[in-house]
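First comes the structure, then the notes that go with it.
The values are calculated or read from the model by the stated rules, or taken from the named source; none is laboratory data. Predicted model, so just to flag it, every value in this text is computed and none were measured. Cβ coordinates were reconstructed from backbone atoms using ideal geometry, including for glycine residues, and neighbour counts include every protein chain displayed.
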DNA sequence: ACCATCCTATAAGGCGGCGTTATCCACCGG
DNA sequence: CCGGTGGATAACGCCGCCTTATAGGATGGT
């Protein structure tokens, strides 16, 4: 019945003392004010303005409206400003989830980038394996997930799970074979997986284990999984002790080293694609988009020579 | 940019959890909500609602709007309610001015009537002689004035002073001659004013004195004004002591008595008309209209020769 | 796996709110 | 008496906002 525009007009009249001045103050023409007041009066069923020839005076009811204008309009402005702050990245909060090995370098770098460009955008971060983070995304408990998919598979299995989701590839991560320095294949340039058919294996997270089994099956054997752990530091320790061999994503090797372990390219090569996933709607939320962009930038700075294979002293321990 | 309607919609969505439910809650159809949200989104330049197939979820910006809805809308409701209270006579304040002798009975009775029917309407009351009260009315310092005009003259002299003013006759007040009981004319039914040409006179307020002079001049003499006082009790005392004669409105005589004074009709009869005066705008303010009506009712109950007519309550815009 | 159901999006149409310009009228001061 | 200022009114156009009708997509039960 009464809206903000009406209050604004009444306040202007109270302040300026005439319809014409109020119109000028609001950027309207005088008849606009005249009609607005009349509409307000017939809506409220009361006289709001006393017309006294030369100027106008508010009646009691008119003063009531003028008096209420300030709180209402300033609250409205505050709301608008808050939204504008979010839209303008002067505010905003992103709930980010990433799988553990992405947390090491890719994510911190992205967080730093966002903080640098938009100091007032805050990012909440939770570690989670891809299936879990995608579920959180669907449940609305997360705005942006960093996930990965091994070559040939998709981030989310099942085609229909994908729609409504925006999937941005961040980088290609080569899967390498970690063996102890003393292992017979340690000197090889590349290793066919079949050569490790007889070795005990160390598997990581369920999906990684699945990937291992799949690769091995392609190479014609079923891996003998001796140990399972999701902790790559532990994996390296186990490998170093000669207790088994393992597949380790290249990304991990940049932060987890062990001098007694070498990481070799395998044959045929296998990669996983690290992606950022969000929903269609959320991808248009400025803070989310900014974070996504930062992740891409972080990934671009991190990829060495994505698909090519490289001689590698530095990170193969 | 953002208005109350938008906030109401966002709040409803937040509360109800879906567009359809929000529409139902607000009495709209679903597409109305859908479009409203879209408009808000393009105005703010941000995504406000995350569409997740089964239901919708607000984004951070959306929650900001929903959160601001309560204060704004309740302030708006409060304003509306306050105005409605004034319109519905559950509130309101009338600044009333009346000349002293009206204050005696006519006004108190009217005040009582208003208080009885509309306990929450408050009436501020100030005594003032007609010219003064009309000036206050024009100056906006008064909403309703009780004034009087002697027969043949007008409440406000000058024709043009009258427009914009609403003048309601309340009652006709006969002017009588007060003489001491011992005065030679005290037994007469009516007294030609000329018979008092030789007596000393006691005059009241300037206008009353003017009226006296005018009447006397009509009767062919110039009154010898021995005393002047606006206090009718004093007038009665002076008359009782035989210090002079006076013209006294009938209305006064109902409250001011003196056993040694008789009040006689004069010849030719003279009356003053007691009127309520307000502005055109103010006459449509409910509290003012109610007071005006009460004054008329009070006058009707008081008039001996009910030559007055009730004013029509005019509180439609 | 299909179908019924529920939700949202979109199109098209109508009405009214709200602004504009043009014009008139009342009041006021020189 | 006249010019300036301020308000009211009329006529008009736009667009906001609601409606109905309909399509598309996700869900959940059998």
Evaluation of residue A:28 against (1) within 11 Å of chain B (Cβ to nearest Cβ); (2) outside any helix (DSSP H, G or I) (one fails), failing number
(1)
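Yes or no: residue B:83 within 23 Å of residue A:41 (Cα to Cα) and either in contact with a helix residue (DSSP H, G or I) (Cβ under 9 Å, 6 or more places away or on another chain) or more than 14 Å from DNA strand C (Cβ to nearest atom) (or both)? Reasoning before the result, please.
Working: within 23 Å of residue A:41 (Cα to Cα): yes; either in contact with a helix residue (DSSP H, G or I) (Cβ under 9 Å, 6 or more places away or on another chain) or more than 14 Å from DNA strand C (Cβ to nearest atom) (or both): yes.
It is true that residue B:83 is within 23 Å of residue A:41 (Cα to Cα) and either in contact with a helix residue (DSSP H, G or I) (Cβ under 9 Å, 6 or more places away or on another chain) or more than 14 Å from DNA strand C (Cβ to nearest atom) (or both).
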Restricting to region A:89-103, name every residue that is at the interface with chain B (Cβ under 9 Å from one of its Cβ atoms) and surrounded by fewer than 22 Cβ atoms within 10 Å (Cβ to Cβ).
A:91, A:93
Quick check: is even one residue across region B:91-114 touching a residue at least 60 places away in the same chain (Cβ under 8 Å) and within 15 Å of DNA strand C (Cβ to nearest atom)?
no
Which condition from (1) closer than 29 Å to residue A:68 by Cα; (2) modelled with pLDDT under 95; (3) within 14 Å of chain A (Cβ to nearest Cβ) is the one that residue B:10 breaks?
(2)
When you look at residue A:33, is it more than 7 Å from chain B (Cβ to nearest Cβ), in contact with a helix residue (DSSP H, G or I) (Cβ under 9 Å, 6 or more places away or on another chain), in contact (Cβ under 8 Å) with a residue 24 or more places away in the chain and buried (at least 16 other Cβ atoms within 10 Å of the Cβ), yes or no?
yes
Any chance region B:254-269 includes a residue that's in a loop (DSSP other than H, G, I, E, B) and either buried (at least 22 other Cβ atoms within 10 Å of the Cβ) or within 14 Å of chain A (Cβ to nearest Cβ) (or both)?
no
Being near DNA strand C (Cβ under 9 Å from one of its atoms) and touching a helix residue (DSSP H, G or I) at 6+ places or on another chain (Cβ under 7 Å) is the filter here; which residues of region A:9-30 pass it?
A:9, A:23, A:26, A:29, A:30
Test: residue in region B:59-77 that is crowded, with 17+ Cβ neighbours inside 10 Å, closer than 25 Å to residue A:138 by Cβ and within 14 Å of DNA strand C (Cβ to nearest atom)
yes
In region A:199-211, the residues that are crowded, with 18+ Cβ neighbours inside 10 Å and closer than 14 Å to residue A:243 by Cβ:
A:199, A:201, A:202, A:203
Scan region A:175-198 for residues that are assigned to a loop (DSSP other than H, G, I, E, B) and surrounded by 20 or more Cβ atoms within 10 Å (Cβ to Cβ) and jot them down.
A:183
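Taking residue B:98 as the residue in question, decide whether it is within 24 Å of residue A:52 (Cα to Cα) and in contact with a strand residue (DSSP E or B) (Cβ under 6 Å, 6 or more places away or on another chain).
Taking the combined requirement at face value, the residue satisfies it.
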Given (1) touching a helix residue (DSSP H, G or I) at 6+ places or on another chain (Cβ under 9 Å); (2) at pLDDT 85 or above; (3) surrounded by 22 or more Cβ atoms within 10 Å (Cβ to Cβ), identify the lone condition not met by residue B:239.
(1)
Residue check, residue B:247 touching a strand residue (DSSP E or B) at 6+ places or on another chain (Cβ under 7 Å), modelled with pLDDT of 90 or more and assigned by TED's automatic domain parsing to the domain that holds residue B:150:
no
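Has region A:77-88 got any residue that is more than 11 Å from DNA strand D (Cβ to nearest atom) and either over 47 Å from the mean Cα position of the chain (by Cα) or in a loop (DSSP other than H, G, I, E, B) (or both)?
yes
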Counting only residues that are part of a loop (DSSP other than H, G, I, E, B) and modelled with pLDDT of 90 or more, region B:100-119 contains a total of 2
Taking only region A:270-283 into account, find how many residues are at pLDDT 85 or above, surrounded by fewer than 20 Cβ atoms within 10 Å (Cβ to Cβ) and not in a strand (DSSP E or B).
1
Residues to consider are A:106, A:58; find the one that is within 14 Å of chain B (Cβ to nearest Cβ) and in contact with a helix residue (DSSP H, G or I) (Cβ under 9 Å, 6 or more places away or on another chain).
A:58
Is it the case that some residue within region A:39-47 is at the interface with chain B (Cβ under 8 Å from one of its Cβ atoms), in a strand (DSSP E or B) and either at pLDDT 95 or above or within 16 Å of DNA strand D (Cβ to nearest atom) (or both)?
no
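Just wondering, is there one or more residues in region B:150-157 that are assigned by TED's automatic domain parsing to the domain that holds residue B:100, at negative phi, at pLDDT below 90 and not in a loop (DSSP other than H, G, I, E, B)?
Yes, some residue in region B:150-157 is assigned by TED's automatic domain parsing to the domain that holds residue B:100, at negative phi, at pLDDT below 90 and not in a loop (DSSP other than H, G, I, E, B).
For region B:48-57, check the following and say yes or no: at least one residue is in a loop (DSSP other than H, G, I, E, B), crowded, with 24+ Cβ neighbours inside 10 Å and either at negative phi or modelled with pLDDT of 90 or more (or both). Don't jump to the end; show me each part of the working.
Residues of region B:48-57 in a loop (DSSP other than H, G, I, E, B): B:48, B:53-54.
Now restrict to residues that are crowded, with 24+ Cβ neighbours inside 10 Å: B:48.
Add one more test, that the residue is either at negative phi or modelled with pLDDT of 90 or more (or both), and what stays is B:48.
Checking region B:48-57: at least one residue is in a loop (DSSP other than H, G, I, E, B), crowded, with 24+ Cβ neighbours inside 10 Å and either at negative phi or modelled with pLDDT of 90 or more (or both).
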